[in-house]
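The values are calculated or read from the model by the stated rules, or taken from the named source; none is laboratory data. In this text, all values refer to a predicted model and were calculated from it rather than measured experimentally. Here the Cβ is made from the backbone with ideal geometry for all residues, glycine too, and neighbour counts use every protein chain on show.
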Amino acid sequence: MKKNPNHEYGKRPTLKDISLKAGITITSVSRALKGCSNISPATQERVRNIAMELGYISNPHAQSLRNGHFPVIAIVYDNFKNPFYSIVTGMIDALIREHNYRSMVFYEFNQDIRLGVNAAKEISAFNLSGVISFLVPTQEAIDLFKLHNIPLIIIGRDGAPLYIASVSSNDIQGGYLAGKHLFNTGARKMAYIGAGSNLPINQNRLDGFMKALNEQGLAPLIYLNDENIPTEAVLDKALKDQPDLNGIFCFNDLMAFEVINRLMELNYQIPKDVAVIGYDNLQRYINYPFRLTTIDADMQKTAALVVSSIFEQLQTHSNVPNNQIVNVDLIVGKTTKKI
């Protein structure tokens, strides 16, 4: 890019600057840069060359104010630590790009584990085309998005109670498969190590787990981490409460790996002494030193359904939510005994 001696250093070049140098109107410059058919190819090329010489960069946000939307989808989650979010976000972003849209990630953390109205205001201020949230929004946030005609879908949570679109895994089925497998492989003293009690999917996974154990006349120890203390500390308490604990179902794979690491520090053998099952099947996308027994919720299918749903809302402007549930599978690894 050549230095333009007539352009003030530090000032962002504008369409007006190109117009003055090209000797045509600002409207013609805009049309030339867009490749409009009513501007000759020669003029389009000359305008593009001038724009490059001046260092002009188009402002899509300004365009969005004129066109009514910004071709970007917000993705909201609350945990940078868990690779589940980055994996699914990457899948969603790749699918969104096929529609010539991009994604913008928003981090929202609060004790309620909800997408609150303040975060919704920040997202709405960007004039984005839609919102995909891993967090359940508050009613105030839902109302705000509706007011601004911003399509919303939640992922990994059931949106039916709030009358919003959603794609979630069959968490009750996943918990049931975990409990049944632990029992079938010999575990009798079992525990569930979960997230906070205010997370609905946490309760769903626990309900499925308890159903499987209750069918065998058993009941697990239950540890819901409302205080957000380290998983290792939760495990220490479980082992103190039940010294002969031999089966653990964890809310997700990240917790399962933390549990296994702590058990190994305490010289437990996995799965001989204690069997462990996680949820998410992260190892399908990340190489780990050993294969975890886990519940697979088909992230790729989930991402595809989410993107399909958000663009359906953009195209049809439908207010009728579509709540889709993805069935899950048990993936048997090295952290449970063989049947």
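So, of the residues in the range 1-35 that are at pLDDT 90 or above and assigned to a loop (DSSP other than H, G, I, E, B), which turns out to be surrounded by the fewest Cβ atoms within 10 Å (Cβ to Cβ)?
Only one residue tops the list, namely G23.
With the condition kept exactly as written, say whether any residue in the range 313-330 is of a type in the set (D, E) and either touching a residue at least 60 places away in the same chain (Cβ under 8 Å) or more than 30 Å from S129 (Cα to Cα) (or both).
yes
Within the range 266-289, which residues are basic (K, R) and either surrounded by 18 or more Cβ atoms within 10 Å (Cβ to Cβ) or in a loop (DSSP other than H, G, I, E, B) (or both)?
Within the range 266-289, just K272 meets the criteria.
Check N59, N67, N79 and return the single one that is modelled with pLDDT under 90, closer than 16 Å to I132 by Cα and out of contact with any strand residue (DSSP E or B) (no Cβ under 8 Å at 6 or more places or on another chain).
N79
Residues are listed down the side, and each one gets a yes or a no for (1) in contact with a Pro (Cβ under 7 Å, 6 or more places away or on another chain); (2) over 20 Å from G174 (Cα atoms); (3) part of a helix (DSSP H, G or I):
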site: L218; (1), (2), (3): no, no, no
site: K237; (1), (2), (3): no, yes, yes
site: D244; (1), (2), (3): no, yes, no
site: F257; (1), (2), (3): no, no, yes
site: M264; (1), (2), (3): no, yes, yes
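Tell me which residues, restricted to the range 240-289, are small (G, A, S) and within 26 Å of the chain's Cα centre (by Cα).
Matches in the range 240-289: A256, G278.
Yes/no per residue for (1) in the same structural domain as G247 (by TED's automatic domain parsing); (2) under 20 Å from I75 (Cα atoms); (3) at pLDDT below 95:
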residue	(1), (2), (3)
K146	no, yes, yes
P161	no, no, yes
G175	yes, no, no
F183	yes, no, no
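Which of the residues spanning the range 92-130 are among the aliphatic types (A, V, I, L, M), within 18 Å of N79 (Cα to Cα) and surrounded by fewer than 18 Cβ atoms within 10 Å (Cβ to Cβ)?
M104, V105, listed by residue number.
Within the range 114-145, can you find the residues that are in contact (Cβ under 8 Å) with a residue 40 or more places away in the chain and not small (G, A, S)?
I123, F126, N127, L128, V131, I132, F134, L135, V136
When only residues in the range 290-331 that are within 17 Å of the chain's Cα centre (by Cα) and outside any helix (DSSP H, G or I) count, which is farthest from L177 (Cα to Cα)?
This residue is N323.
Please state which of the following conditions D273 fails to meet, knowing it meets all the rest: (1) touching a residue at least 40 places away in the same chain (Cβ under 8 Å); (2) among the acidic types (D, E); (3) within 20 Å of K189 (Cα to Cα).
(1)
Name the pairs whose Cβ atoms lie under 7 Å apart, with the first residue in the range 87-103 and within 18 Å of R284 (Cα to Cα), the second among the aromatic types (F, W, Y), and 6 or more positions between them or separate chains?
I87/Y285
What is the one condition in (1) under 30 Å from I142 (Cα atoms); (2) of a type in the set (A, V, I, L, M); (3) not assigned by TED's automatic domain parsing to the domain that holds R205 that V332 does not satisfy?
Tallying (1) under 30 Å from I142 (Cα atoms); (2) of a type in the set (A, V, I, L, M); (3) not assigned by TED's automatic domain parsing to the domain that holds R205, V332 fails exactly one: (1).
Among strands (runs of 3 or more DSSP E) lying entirely in the range 104-197, which contain 1 or more residues that are of a type in the set (S, T, N, Q)?
128-133, 165-169
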